[in-house]
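The values are calculated or read from the model by the stated rules, or taken from the named source; none is laboratory data. The model shown is predicted, which means the values in this text are computed figures rather than measured ones. Methodologically, a virtual Cβ is constructed for each residue, glycine included, from the backbone with ideal geometry; neighbour enumeration extends over all protein chains shown.
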Amino acid sequence: MTATTTRFAPSPTGHIHIGNLRSALMNYLIARKAGGTFILRLDDTDRERSKQEYADGIMRDLEWLGLTWDRVERQSDRLGRYAEAADDLRASGRLYEVFETPTELDLKRKKQLNMGRPPVYDRAGHGLSEDQKAALRAEGRQGYWRFLLNQNRIEWNDGIIGPVSIDAASVSDPVLIRADGQVLYTFASSVDDIDMGVTNIVRGADHVTNTATQIQIMQAMGGTPPQFAHHSLLTGPGGEELSKRLGTLSLRDLREQGVAPEALLSLMARLGSSQPVAVRMSLDEIANGFEVGQFGTAPTRFDAEDLWPLTREANQARPFAEVRERIAALGVPDDLAERFWRVASQNITRLDDLAGWWTIFSEGARPEIAPEDRAFVTEALSLLPPPPYSEASWSEWTAAVKAATGRKGKSLFMPLRKALTGQDHGPEMAEVMPLLQKAPQSA
């Protein structure tokens, strides 16, 4: 039985975004469930746009999410292999040189559309003699290379869409190598997937036509195409096209905003499937319930606001050991750190919110006192001894204030909470008191 091998193949020409993550996560989970291999493959044949800083950023984003890879491959290291594969296709008559300019191709497309025909390349360059090619080069034209499709139906059973059948005659022979020698995605990816033994590929529905041509390319090279699945594309919360907003939905930006990785993974592993979204704190838990076949084909709505309640739930579920260093960095004394986490954790969304709570506990809050409560709070604070406090301090103090002022219930407790924390809600005050480093001076 062939070992399961999947890959995530981003181009290091920018930061990866929420749409890229969907493909990366699905391929990762397939490999994880099967105990197989997950390859990170940097599709970096575009020498001008590919940057090492983006490659580093992609790795940093995946590491943040825990999507670790078994090995890294770089297409820029495999240019010799692509040249060899191209020679083989030329020898078999499946790769042919053409010379049309973009302007000429555009005119052909417009003419075909005006005649009610599909805008498919007419293969005018196929079968050019060597003399004709030499004459075109003498004119200053540069040749580039197209793959000759067999014009039959290309069929496969898609893991999400189901049976797919595409008439190759309705598709232009794809350009595989540009005039400057750059190997294009369609070709390099096909060579890599065969050479690397990739068994499963999940990617966006916008790649369906690519898949049809790549199946023929792989077969022409003597390879067996992997199992394909094409997930639906994401839209905005109102069904609008998401691609225009992807610049604000990079994983880097979401991380910097404080989104919890578990929230992002839990949402993206279920969004658009038949399963409900629920926070899972480990990739093993996420993988256990993951099945590609449970995803639908309809466009899937994504709302970044959905990440915040999930982030709150994930952060509140963290054990103290995970945040020990972060809390120490805030200056929380070791003997108070675990109590601080227990008290503050249930009142945060982002982990960065912890800093605000430690400022309240260590420096004191800006009192929020209504004018009608000012005299009452001033008297109450005069009855509060200096720290340190215990869990009994709150009940002892409020009992003394009640006896002195006659106040009780909400009119007693709420002004005192606001005086000590500046908040009208939050953790139990009995648990807050031992964390207070200073007594409020006045109202």
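Values computed for the structure shown
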| read-out | value |
| --- | --- |
| Flag if Gly426 is touching a residue at least 40 places away in the same chain (Cβ under 8 Å), within 30 Å of Leu307 (Cβ to Cβ), in contact with a Lys or Arg (Cβ under 6 Å, 6 or more places away or on another chain) and surrounded by 12 or more Cβ atoms within 10 Å (Cβ to Cβ) | no |
| Any chance Glu100 is surrounded by 14 or more Cβ atoms within 10 Å (Cβ to Cβ) and modelled with pLDDT under 95 | yes |
| Residues satisfying the stated conditions in region 347-398, i.e. of a type in the set (Asp, Glu), assigned to a helix (DSSP H, G or I) and farther than 21 Å from Pro333 by Cα | Glu372, Asp373, Glu379, Glu396 |
| Residue count, region 110-145 (criterion: in contact with a strand residue (DSSP E or B) (Cβ under 6 Å, 6 or more places away or on another chain) and either in contact (Cβ under 8 Å) with a residue 60 or more places away in the chain or small (Gly, Ala, Ser) (or both)) | 2 |
| Options Glu396, Glu391, Glu372, Glu379: the member that is over 53 Å from the mean Cα position of the chain (by Cα) and assigned by TED's automatic domain parsing to the domain that holds Val343 | Glu379 |
| Some residue of region 293-303 being farther than 20 Å from Trp64 by Cβ, modelled with pLDDT under 95 and buried (at least 21 other Cβ atoms within 10 Å of the Cβ) | yes |
| Segments classed as helices (runs of 4 or more DSSP H), wholly inside region 306-346, with at least 3 members that are touching a residue at least 24 places away in the same chain (Cβ under 8 Å) and of a type outside the set (Lys, Arg) | 307-316, 334-344 |
| Single match in Ala260, Ala287 (criterion: closer than 14 Å to Asp306 by Cβ and small (Gly, Ala, Ser)) | Ala260 |
